[in-house]
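These notes concern the structure reproduced below.
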Amino acid sequence: MKSYYDSNFGHWDMNDGDDVDFYHDVQSRSVTKTCQGCGHRVKLLPQYGYCDSCATKIEQGFDLDY
């Protein structure tokens, strides 16, 4: 199984060709932006404001005061 990472959805472990194609599609549609949570420059889908790491923290109730 091959492992992939992107700032939209985090880590992906996949073998299925359709999943890999979806990953590459997400990567091709992503743009470089500054995450509104951590301030890092990351590749995100245009409609996203937070990287996966910050989004996970928000979902778990953490306060993102960096």
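Which entry in [x] 15.1; [y] 12.6; [z] 13.0 matches Kirkwood radius over Cα pairs in Å derived from the coordinates of this structure?
[y]
Counting only helical runs of four or more DSSP H residues, what would the 222 nm mean residue ellipticity of the chain come to if each run contributes -39,500 (n - 2.57) and the total is spread over all its residues? Walk me through the numbers on the way to the answer.
Working: 2 runs with 21 residues, N = 66.
About -9500 deg cm²/dmol.
Of the peptides 38-50, 15-27, how do they stack up when ordered by the mean number of other Cβ atoms within 10 Å, highest first? Could the numbers behind the result be given before it?
Numbers: 38-50: 14.7, 15-27: 12.0.
Descending packing order for the listed peptides: 38-50, 15-27.
Order of 5-14, 55-64 by packing, highest average Cβ count within 10 Å first?
On the way: 5-14: 14.8, 55-64: 11.4.
Ranked by mean Cβ neighbours within 10 Å, highest first: 5-14, 55-64.
Only Cα pairs under 8 Å and at least 6 apart count here; give the relative contact order of the stretch 2-59 as a rounded whole percent.
On the way: 71 pairs, mean separation 18.4, N = 58.
Rounded, it is 32 percent for the stretch 2-59.
Throughout, read-outs are computed from the coordinates displayed, never taken from laboratory work. Fair warning: this is a prediction, and the values are worked out from it, not measured in the lab. Here Cβ is always computed from backbone atoms with ideal geometry, including for glycine, and neighbour counts include all displayed protein chains.
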